[in-house]
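Inspection log for the structure reproduced underneath, given as structure tokens.
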Amino acid sequence: MVREKWGTKLGFMLAAMGSAVGLGNIWRFSFVAGNNGGGAFLLLYLAFVILLGVPLLLAEVSIGRKAESDVVGSFKKLAPNTPWYLTGFFGIASSFLILSFYAVVAGWAIFYFWNYLNGSYFTSPEVGYEGAFGQFISHSWHPIAWTALFMILTIVIVLSGVKKGIEAANKIFMPLLALILIGLAFFSLSLDGASEGVKFLFQPDWTALSDPSIYIAALGQAFFSLSLGMGAMLTYGSYLRKENKLPSAALGIGIMDTFFAVISGLVIFPAVFAFGIDPSSGPPLVFITLPSIFEQMPMGGIVGLVFFFALILASLSSSVSILEVPTAYFMRILGWTRFATSVVMGAIMFVMGIGVSLGFGIWSGVTPIGDLNILDSMDYIASNILLPLGGLSMALLIGWYFSKSEALEATDFTGSSIGQIWYYLVKFVTPVMILLIFLNKLGVI
């Protein structure tokens, strides 16, 4: 079977940015930054993107381009006759877990968008925004229907192929998303009292740096916001042509991912401070707090409509990369067509998503891990165990299994002084940082 290729290097970069820019940038970044002091967290986040994110991103993409295979096949090809390929299954497993709950949350975003579109917004006088949100997510089948719609959109893009589906979609999604978020940021900055939100995001409270948890939070956000460890970037890298140079692409993706996170902060925090809301509202910030703010804004209905459309675009650009990970693997081992494989993989994830959705309703008493509900349990396993182990295995393959010359050649760094720094970071610094995240999330440190 002839392996598909990206049409252009820009197409790959936009698709990779789409993979990285998702709910993690708009939804997760906002509440994690809000909970960890704003500006101080942002500085640490930027530092860790440079020290951990971009070097590991480059390592992951280079593995895919060198092997020209999926997340399991790449390890088999580059480390033959070793059990190293088993680490590729961390990525396969995490993709099933992540997209099954990711699609549920993205389905909520579509429902909000629909409510703003038809003019009903998302509240009721009797129960308010929090009550309306709770009634919706606990309904037996309404949220499942919106999850199904989101999964259908994701499957259609993936089954259309690398060039005509994923690349073509992201060439539309990413510029459009950037324009929407920049427009929303300008609007948010124009609100009375918005300057306090800007100060919160850009004027560090240095006392926050005395809390060790802020370092782990920033480290984890840098790691997860770039879609590292799951094999999505590896799989995307496998569709690159040999003549496409990697260092500039990886740096560009890291910069743009950070840009989207910061712009999202400028959309949310000025509005939060303008209306006297606590910036550490946590996960409900997007689905409960912001709609209540939009209601009080001039043109709030239009702002809400545009915001949730942006959230859908960001969700879709990420979900197609997550679905592509198992699709690429099972196409190879089963010999199925792209159409059949993406439909079957997407259907399995949707069925798993039904369980996630019911976890807020009739299965709300089901807590697989401790007191965590179904969604949080799946997120815990994927984000705190599988992704760090996947990222660690990629760093170890490049830094310790490959020779130094092989690693530098794979990343187009042969003869480069910057390549020497990159190699040192991937070989020594990145594994230690990933282990710190891993052990902290497991409660060891």
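The values are calculated or read from the model by the stated rules, or taken from the named source; none is laboratory data. Bear in mind the structure is a predicted one, so any value in this text is a computation, not a measurement. No Cβ is skipped: glycine too gets one built from the backbone with ideal geometry, and neighbour counts run over all protein chains shown. Remember, those area values only see protein heavy atoms, side chains included, never the ligands or the DNA or RNA. Shrake-Rupley method; radii C 1.70, N 1.55, O 1.52, S 1.80 Å.
If TRP108, TRP206, TRP84 are ordered by their accessible area, calculated over protein heavy atoms with a 1.4 Å probe, which sequence runs from highest to lowest?
Listed by decreasing accessible area, they come as TRP206, TRP84, TRP108.
Its Cα gyration tensor gives the chain an equivalent ellipsoid, and the semi-axes of that ellipsoid, as √(5λ) in whole Å with the largest first, are 34, 25, 20. Please report the net charge: other residues with Cβ closer than 15 Å to the Cβ of LEU99, K and R +1, D and E -1. With Lys, Arg at +1 and Asp, Glu at -1, the neighbours total -2. Taken over segment 8-71, the convex hull of the Cα atoms encloses 104 Å³ per residue.
Hey, what's the chain come to in accessible area per residue, 1.4 Å probe, Å²?
Using a 1.4 Å probe on heavy atoms only, each residue of the chain averages 37 Å².
Between LEU78, LEU99, LEU52, the GNM of the chain built on Cα springs shorter than 10 angstrom shows LEU78 fluctuating the most. Taking the centroid of alpha carbons for each part, segment 115-188 and segment 363-381 are 24 Å apart.
Phi angles across segment 103-120 convert, under the Karplus curve 6.51 cos²θ - 1.76 cosθ + 1.60 with θ = phi - 60°, into 3J(HN,Hα) values of 5, 5, 5, 5, x, 4, 4, 5, 5, 4, 4, 4, 5, 5, 5, 8, x, 8 Hz, Gly and Pro given as x. Full extension of the chain segment joining GLU295 with SER210 gains 26.8 nm, where the gain is 0.36 nm per residue of separation less the Cα-Cα distance. For segment 1-66 versus segment 218-251, the inter-centroid distance based on Cα atoms is 7 Å. Projecting the Cα atoms of SER393, ILE214, LEU97 onto the charge dipole of the chain, computed from C-beta unit charges around the Cα centre, puts SER393 farthest toward the positive end. With both labels modelled 7 Å from their Cα along Cα-to-Cβ, the ASP192 to LYS164 distance reads 5.6 nm. The angle between the Cα long axis of helix 142-159 and the longest principal axis of the Cα atoms of the chain comes to about 30 degrees, rounded to the nearest 10. Each of VAL351 and LYS404 was given a label point 7 Å from its Cα along the Cα-to-Cβ line. The distance between the two points is 5.1 nm.
Dipole of segment 309-419 computed with +1 at Lys/Arg Cβ and -1 at Asp/Glu Cβ about the Cα centre; of SER342, SER405, ILE369, farthest Cα towards the positive end is SER342.
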